[in-house]
Amino acid sequence: MEEVPVPEYAVLIYAGDSAHSPTATAADTASCDDHADELRAADSMVLAYALTPRDMARSLRPGSVTEGPFVDAGEIVAGFYVIEAPDLDAALAIAGTNPVLREGGGVEVRPVHSGGPVQRASGASTRER
């Protein structure tokens, strides 16, 4: 019997800024780390990336590079992760546990269309961070 893949959903985290600066302490990222541990324990999370603060971003437009995020807004994408869930309602329930919701930010949930690890032309393996 062929195994049916569980749908994946991207969860984009919106906040005033990222807690993950190069000088961040464990206390600065505790709520994020605790949430990641909970998703790992539930075997829901497929991958996760925390982005650095907005002042480290650079945006490209035709003919120019500007400092900061692409869109100048009160909230930025501070990170994202991909979860497995049987359906959108279950994905929304999982994403609803993100601590940024208690801290004044928000999350966006989108079904993942396709993708996965990329085989590099050089044959080099991707690195874990």
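The values are calculated or read from the model by the stated rules, or taken from the named source; none is laboratory data. This is a predicted model, so every value here is computed, not measured. All Cβ positions, glycine included, derive from the backbone under ideal geometry; neighbour counts span all protein chains shown. To get the accessible areas, we keep the full protein, side chains included, count just its heavy atoms, and leave off ligands, DNA and RNA. Shrake-Rupley method; radii C 1.70, N 1.55, O 1.52, S 1.80 Å.
Helices in the chain, meaning DSSP H runs of at least 4 residues, each add -39500 (n - 2.57). Divided by all residues, the mean residue ellipticity at 222 nm is -4500 deg cm²/dmol.
Between residue 12 and residue 64, the modelled label-to-label distance comes to 2.3 nm, taking each label 7 Å out from Cα in the direction of the beta carbon. Near residue 78, the amide H atoms lying under 5 Å from its own belong to 13, 14, 15; only residues 5 or more places off or on other chains count, and H is placed 1.01 Å from N. Spin-label pair residue 110-residue 72: with each label point 7 Å from Cα along the Cα-Cβ axis, the two points sit 2.4 nm from one another. If the chain linking residue 118 and residue 49 were pulled fully straight, counting 0.36 nm for each residue of separation and taking away their Cα-Cα distance, it would gain 23.2 nm.
Who wins for biggest fluctuation among 109, 82, 65 in a Gaussian network model of the chain, springs between alpha carbons below 10 Å? Greatest mean-square fluctuation among the candidates belongs to 65. The chymotrypsin sites (Phe, Trp or Tyr not before Pro) of the stretch 54-103 meeting both criteria, a DSSP state outside H, G, I, E and B (loop) and at most 14 other C-beta atoms within 10 angstrom of the site's C-beta, are 70. Farthest towards the positive end of the charge dipole of the chain, among the residues 92, 59, 116, is the Cα of 59, using unit charges on the Cβ of Lys, Arg, Asp and Glu. Top mean-square fluctuation among 86, 69, 117, Gaussian network model of the chain, C-alpha springs under 10 Å? Largest GNM mean-square fluctuation: 117.
Averaged per residue, the chain has 71 square angstrom of accessible surface, using a 1.4 angstrom probe with ligands and nucleic acids left out.
In the elastic network of the chain, a GNM with C-alpha springs shorter than 10 Å, the most mobile of 40, 54, 102 is 102. Coupling constants for the stretch 104-119 follow from the phi torsions by the Karplus curve (6.51 cos²θ - 1.76 cosθ + 1.60, θ = phi - 60°), and in residue order they are x, x, x, 10, 10, 10, 9, x, 8, 6, 6, x, x, x, 9, 7 Hz; glycine and proline get x.
Here the chain has 55 percent of its accessible surface on carbon and sulfur atoms, given a 1.4 Å probe and all protein chains in place. With contacts taken as Cα pairs under 8 Å and at least 6 residues apart, the chain reaches a relative contact order of 39 percent.
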